[in-house]
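Read the structure below first, then the notes.
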Amino acid sequence: MTAQRFERDETDAALDRAADAVAERATSIDEGFDRLVDDIADADVVLLGEATHGTSEYYRLRARLTARLLEERGFEFVAVEGDWTDCYEVTEYVTGRTEADDAGEVLASFERWPTWMWANWEVAAFLDWLAEYNADRPRGERVGFYGLDVYSLYESMAAVIDYLRDRDPELADRAKDAYHCFEPYGEDAREYARSLRLIPEDCEAEVLDVLQGLREETVEHHADRDRDGDDLLADFAAEQNALVAKNAESYYRAMARGGSESWNVRDRHMSETLDRLLEFHDGPGIVWAHNTHIGDARATSMEDRGKLNLGQLAREEVCETDTDVAAVGFGSHRGTVIAGDEWGTQMERMTVPEAKAGSYEDVFHRADLDDGILEFDRGYGVAGDATDDGDPLVEPRGHRAIGVVYDPSYEGGNYVRTVLPDRYDAFVYVDETEALHPFDIEGGETPPETYPWGV
């Protein structure tokens with residue numbers, strides 16, 4: 001037997017041991033769903049991931065888990081990997097502050113690419129359920145749907161000025177003057193980033209000044225506010241928009257320099273926003289974001305590239321202990337997905353090939369599961385003890401991550417080396433998945449036949 005053949009057989013044997021461990025410990029989604037809800041319900045923050053931004057099952061399972069946590073366990077808000085400004089319009093709809101007839105009407109107005117992440121029937125079904133759930137709750141206790149992301153530089157600046165125009169005209173004028181710094185770049189934040197490569201000047205001081213002034217303004221207003229008042233949420237949203245403008249400027253400035261810093265600025269903004277929402281609602285919250293954001297970066301090869309993420313920061317900084325966070329990752333072996341072949345191009349339904357041999361997805365497929373839930377001990381570092389016991393599931397393996405830009409022929413570049421029990425507190429697996437159902441795609445004008453999927 002050649003050395004190469006021996007190495008392959010040894011690898012196959014290790015994969016079979018890992019697959020046997022999955023088969024022994026995992027439960028089907030139907031059997032394990034209630035237990036998963038029970039086991040994550042005591043967390044202050046529940047992070048629900050996705051291996052792609054275009055898979056129907058991930059959205060639907062997150063919606064089911066979220067609905068149970070809201071209805072039965074008193075969770076206070078949902079925060080997602082989306083723009084603050086767009087998602088605030090959703091919050092106004094689900095909390096009864098707008099005249100929109102349904103969620104589809106609100107989601108159809110989302111313009112930033114990739115629009116399909118939120119303008120789809122899976123999200124619409126959940127949001128219409130959430131609006132109905134909120135209808136009988138006191139106004140100050142209604143669950144919002146907030147954006148954690150940092151991209152909306154110009155939209156957030158415009159929202160700050162609109163908020164201040166009637167409340168504090170002098171501060172509104174100061175904001176206009178400060179934001180004039182961005183005028184040479186039109187309304188293209190990426191052009192601002194490109195310009196900094198040529199002209200090393202930025203608008204950091206201007207946006208910081210607006211944020212500080214707005215914070216002083218809202219602190220004075222809050223002193224006389226009722227907790228149930230609409231103005232309290234409006235004040236919070238305005239301050240958040242000023243924070244987005246500040247951090248977006250930092251993000252695009254870091255993008256101009258290159259490297260991992262822009263990623264870190266973005267995830268630190270998500271962490272800061274999550275922390276603010278927890279304080280504002282004074283209760284536990286739920287996050288929807290890609291696995292690369294919610295799974296602890298320290299348990300992956302991301303750390304080797306100097307990247308941190310929201311999951312790591314939630315465990316290290318946002319919550320008192322890492323066990324106050326429950327991170328649930330998602331993955332699949334094959335199927336279809338919505339993505340674009342380049343940034344900004346038309347979305348497509350693409351085929352997701354079978355997972356790479358030796359990956360975690362391959363291990364779960366070898367376990368002969370149609371679907372499954374595998375739970376781990378809560379927190380980071382739990383794999384260390386398991387290593388001493390020879391647990392085959394703590395071996396670092398590739399874990400597939402598909403973004404909004406995807407090329408199925410370049411499958412080998414879509415895997416993040418991962419220690420699964422440290423990256424997540426639970427992992428949900430679906431062997432074969434189907435693509436998301438966006439509005440703006442052929443056949444997307446009407447709901448799918450099985451809509452609304454029983455949220």
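The values are calculated or read from the model by the stated rules, or taken from the named source; none is laboratory data. Note that the coordinates shown come from a computational prediction; the quantities given were computed from them, not determined experimentally. Because the Cβ atoms are built from the backbone with ideal geometry, glycine has one as well, and the counts that use them run over all protein chains shown. What goes into the accessible areas is simple: the full protein's heavy atoms, side chains included, and nothing from ligands, DNA or RNA. Shrake-Rupley method; radii C 1.70, N 1.55, O 1.52, S 1.80 Å.
General observations
- If only the Cβ of Lys and Arg carry +1 and only the Cβ of Asp and Glu carry -1, the dipole of region 256-337 around its Cα centre is close to 560 debye.
- All Cα pairs of region 271-386, percent lying beyond 22 Å: 50 percent
- FRET efficiency for the SER409 to GLU111 pair, using the beta carbon distance and R₀ = 25 Å, is estimated at 0.25.
- Simple label model, 7 Å out from Cα along Cβ direction - SER301 to GLU279, nm: 3.8 nm
- Alpha carbon centroid spacing (whole Å) that separates region 113-169 from region 31-69: 21 Å
- Take the chain with all the other protein chains still there, run a 1.4 Å probe, and you get 43 Å² of accessible area per residue.
- Antiparallel content of DSSP bridges confined to region 325-455, in %, to 5: 65 percent
- Pair-distance distribution P(r) for region 315-355, from all Cα-Cα distances in 10 Å bins starting at 0: 23, 25, 19, 29, 3 percent.
- Full extension of the segment from GLU72 to ARG257, taken as 0.36 nm per residue of separation minus the current Cα-Cα distance, would add 61.9 nm.
- Surface accessible to a 1.4 Å probe, ASP39 within the full protein complex, Å²: 60 Å²
- Restricted to Cα atoms, region 42-167 shows a radius of gyration and a Dmax of 14.7, 45 angstrom.
- Distance in nm between pseudo-label sites at ALA13 and ASP38 (7 Å out along the Cβ direction from Cα): 3.9 nm
- Solution diffusion estimate, µm²/s, Stokes-Einstein, region 346-431, Kirkwood Rh from C-alpha pairs, 25 °C, viscosity 0.890 mPa s: 173 µm²/s
- Aspartates and glutamates with Cα under 13 Å of LYS307, excluding same-chain neighbours fewer than 8 positions away: GLU261, ASP267, ASP296
- Percent accessible area from carbon and sulfur atoms, region 23-164, protein chains only, probe 1.4 Å: 39 percent
- Applying 1/(1 + (r/R0)^6) with r as the Cβ-Cβ distance of ASP20 and GLU442 and R0 = 45 angstrom yields a FRET efficiency of 0.55.
- Take every pair of alpha-carbon atoms less than 8 Å apart whose residues are at least six positions apart; their mean separation over the length of the chain yields a relative contact order of 26 percent.
- The long axis of helix 3-25 is offset from the longest Cα principal axis of the chain by roughly 70 degrees.
- When DSSP beta bridges are restricted to pairs lying wholly in the chain, around 45% turn out antiparallel.
- Proximity of backbone amide H atoms, modeled 1.01 Å from N, is registered between ALA119 and no other residue at under 5 Å, excluding neighbours fewer than 5 places apart on the same chain.
- The label point for THR98 and the one for ASP389, both projected 7 Å from the Cα toward the Cβ, are 4.9 nm apart.
- Rg and Dmax of the chain, based on Cα coordinates, read 22.5, 82 Å.
- Compared with the direct C-alpha span, the chain from ALA357 to ASP209 gains 48.0 nm at full extension, assuming 0.36 nm per residue.
- Rolling a 1.4 Å probe over the protein chains gives THR351 an accessible area of about 90 Å².
- Cut-off 16 Å, label 7 Å out along Cα→Cβ of ASP368, residues of region 11-27 by amide N: 16-27
- Crossing angle, helix 204-222 versus the chain [Cα axis fit, 0-90 degrees, rounded to tens]: 80 degrees
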